[in-house]
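Chemist: To start, I am sharing the structure in question, which I have written as structure tokens.
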Amino acid sequence: MASKSRSKLEQELYKPVRDFLHSKFAAKFGNCYLDITAKGHFEETLKRAVHHDIIFAFLGRKASPDLAGFIKDEFGIKDFVTVEVKLDKITLQDIYQAKLYGDLFAAKYALLISPLPTPEEVKRLHQNLFILYRFTSGWQVYIGQWREEFQEVAENSWFPEPPF
């Protein structure tokens, strides 16, 4: 049997991660739109919501968040959401990639999800240098551990705190 490529395995997580996050955001805020954008395809619903559409000139097949969307309230778009999904141990490069997409979308919620726990060195680095903070917005990157068997991010795995 041929083994699946790493990108194919990562892609298989997009839908269950999206479904889980959509349910969490919808439960907390009521109205959430979250789409798979990993291949640089952005639905018109998301394009219309982004006021600074120049960001799409910098995004494409090779550089796009895995998931992107927004939370809406009775007054309109409240907050944007970007999500990066990784199969391996979270690295400094992964954090900066999540920060990049969060900053481009001015996303209050920039999430980084992996089936592996947040590495201790990332926790220690954040405690000393606050690497998860996004200085242009005052927000931060949230890291969570995906549990395949439960199709969820473990509630106690969010670092540095739960986003919900």
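The values are calculated or read from the model by the stated rules, or taken from the named source; none is laboratory data. All figures in this text were calculated on a predicted structure; none of them were measured in a lab. Here the Cβ positions follow ideal geometry from the backbone for every residue, glycine too, while neighbour counts run over all protein chains shown. These accessible areas exclude ligands, DNA and RNA; they are computed on the full protein's heavy atoms, side chains included. Shrake-Rupley method; radii C 1.70, N 1.55, O 1.52, S 1.80 Å.
Chemist: Give, to the nearest whole percent, the P(r) tail of region 24-135 beyond 18 angstrom, counting all Cα pairs. Intermediate values should be presented prior to the final figure.
Modeler: Details: 3160 of 6216 pairs.
Counting pairs separated by more than 18 Å, the tail of P(r) holds 51 percent.
Chemist: Sticking with this one: Taking the simple approach of a point 7 Å from Cα along Cα-to-Cβ for both Glu12 and Asp53, what is their distance in nm?
Modeler: Distance between the two pseudo-spin positions: 3.7 nm.
Chemist: Test of understanding: given the chain, find the longest segment containing no GluC sites (Glu not before Pro) that are in a DSSP loop and have at most 15 other Cβ atoms within 10 Å. Before the final figure, lay out the partial values.
Modeler: On the way: sites that count: Glu43, Glu74, Glu148, Glu149.
Segment 75-147 is the longest.
Chemist: Ok, one more. Which trypsin sites (Lys or Arg not before Pro) in region 1-77 pass both tests, a DSSP loop state and at most 14 other beta-carbon atoms within 10 Å?
Modeler: Working: sites: Lys4, Arg6, Lys8, Arg18, Lys24, Lys28, Lys39, Lys47, Arg48, Arg61, Lys62, Lys72; in loops: Lys4, Lys39, Arg61, Lys62.
In loop regions of region 1-77 (DSSP not H, G, I, E or B), the sparsely surrounded trypsin sites (Lys or Arg not before Pro) are Lys4, Lys39, Arg61, Lys62.
Chemist: So what are the ³J(HN,Hα) numbers for region 107-114, from phi and the Karplus equation (6.51, -1.76, 1.60; θ = phi - 60°), rounded to whole Hz, Gly and Pro as x?
Modeler: Running phi through 6.51 cos²θ - 1.76 cosθ + 1.60 with θ = phi - 60° gives 7, 5, 10, 10, 10, 10, 10, 9 Hz.
Chemist: Follow-up. I'd like the antiparallel share, as a percent to the nearest 5, of DSSP beta bridges with both residues in the chain.
Modeler: That works out to approximately 60 percent antiparallel.
Chemist: Quote the charge dipole size of region 56-114 about the Cα centre in Debye, to the nearest 20; the model charges only the Cβ of Lys and Arg (+1) and of Asp and Glu (-1). Could you put the intermediate results ahead of the total?
Modeler: On the way: 8 positive and 8 negative charges, 33 e Å.
Computed charge dipole of region 56-114: roughly 160 debye.
Chemist: Rounded to the nearest whole Å², what accessible area per residue is found for region 51-164 with the 1.4 Å probe?
Modeler: Spelled out: the 1.4 Å probe surface of region 51-164, per residue, equals 53 Å².
Chemist: In terms of modelled amide H atoms, which long-range or inter-chain residues lie less than 5 Å from the amide H of Asn31?
Modeler: The answer is Lys72.
Chemist: Take the cross-link list Lys8/Lys47; Lys24/Lys89; Lys4/Lys47; Lys62/Lys99; Lys62/Lys108 and give me the ones stretching past 28 Å between alpha-carbons. Before the final figure, lay out the partial values.
Modeler: Details: Lys8/Lys47 26 Å; Lys24/Lys89 24 Å; Lys4/Lys47 32 Å; Lys62/Lys99 17 Å; Lys62/Lys108 23 Å.
As for pairs spanning more than 28 Å Cα to Cα, those are Lys4/Lys47.
Chemist: Let me ask you something else. Going 7 Å from the Cα of Lys72 in the Cα-to-Cβ direction, what parts of region 13-34 have a backbone nitrogen less than 16 Å from that spot?
Modeler: 22-23, 25-27, 29-34
Chemist: Something else: Over region 1-108, what percent of the accessible surface lies on carbon and sulfur atoms, probe 1.4 Å?
Modeler: Numbers: 3290 of 6090 Å².
The C+S portion of the solvent-accessible surface of region 1-108 is 54 percent.
Chemist: At q = 0.11 Å⁻¹, what is the base-10 log of I(q)/I(0) for region 87-154 according to the Debye formula with one equal point scatterer per Cα and no solvent? Please give it to two decimals.
Modeler: -0.25
Chemist: So if I take the centroid of the Cα atoms in region 49-67 and the same for region 29-43, what is the distance between those two points in Å?
Modeler: Computed from Cα coordinates, the inter-centre distance equals 11 Å.
Chemist: A further question follows. For region 131-146, just list the computed ³J(HN,Hα) in residue order, Karplus coefficients 6.51, -1.76 and 1.60, θ = phi - 60°, integers in Hz, with x standing in for Gly and Pro.
Modeler: 5, 7, 6, 10, 5, 6, 10, x, 8, 9, 8, 10, 10, x, 9, 6
Chemist: I've got another one for you. Determine the gain in length on full extension of the stretch Glu44-Ser137; use 0.36 nm per residue of separation and subtract their C-alpha separation, reporting nm with one decimal. Numbers along the way, then the final one.
Modeler: Numbers: separation 93, 0.36 × 93 = 33.48 nm, distance 2.53 nm.
Length difference between fully extended and current span is 30.9 nm.
Chemist: Moving on. Are there chymotrypsin sites (Phe, Trp or Tyr not before Pro) in region 60-157 that DSSP marks as loop and that have at most 13 other Cβ atoms within 10 Å, and which are they?
Modeler: Working: sites: Phe70, Phe75, Phe80, Tyr96, Tyr101, Phe105, Tyr109, Phe130, Tyr133, Phe135, Trp139, Tyr142, Trp146, Phe150; in loops: Phe75, Phe105, Phe130, Phe135, Phe150.
Sparse-neighbourhood loop chymotrypsin sites (Phe, Trp or Tyr not before Pro): Phe75, Phe130, Phe135, Phe150.
Chemist: Also, quick follow-up: Given a 1.4 Å probe and heavy atoms of the protein chains only, how would you sort Ile54, Ile77, Ile90, largest accessible area at the top?
Modeler: Ranked from most to least accessible, the order is Ile54, Ile77, Ile90.
Chemist: Tabulate in residue order the Karplus-calculated ³J(HN,Hα) for region 38-43, using 6.51 cos²θ - 1.76 cosθ + 1.60 with θ = phi - 60°, rounded to whole Hz; enter x for Gly and Pro.
Modeler: Karplus values, whole Hz, x for Gly and Pro: 4, 8, x, 9, 10, 5.
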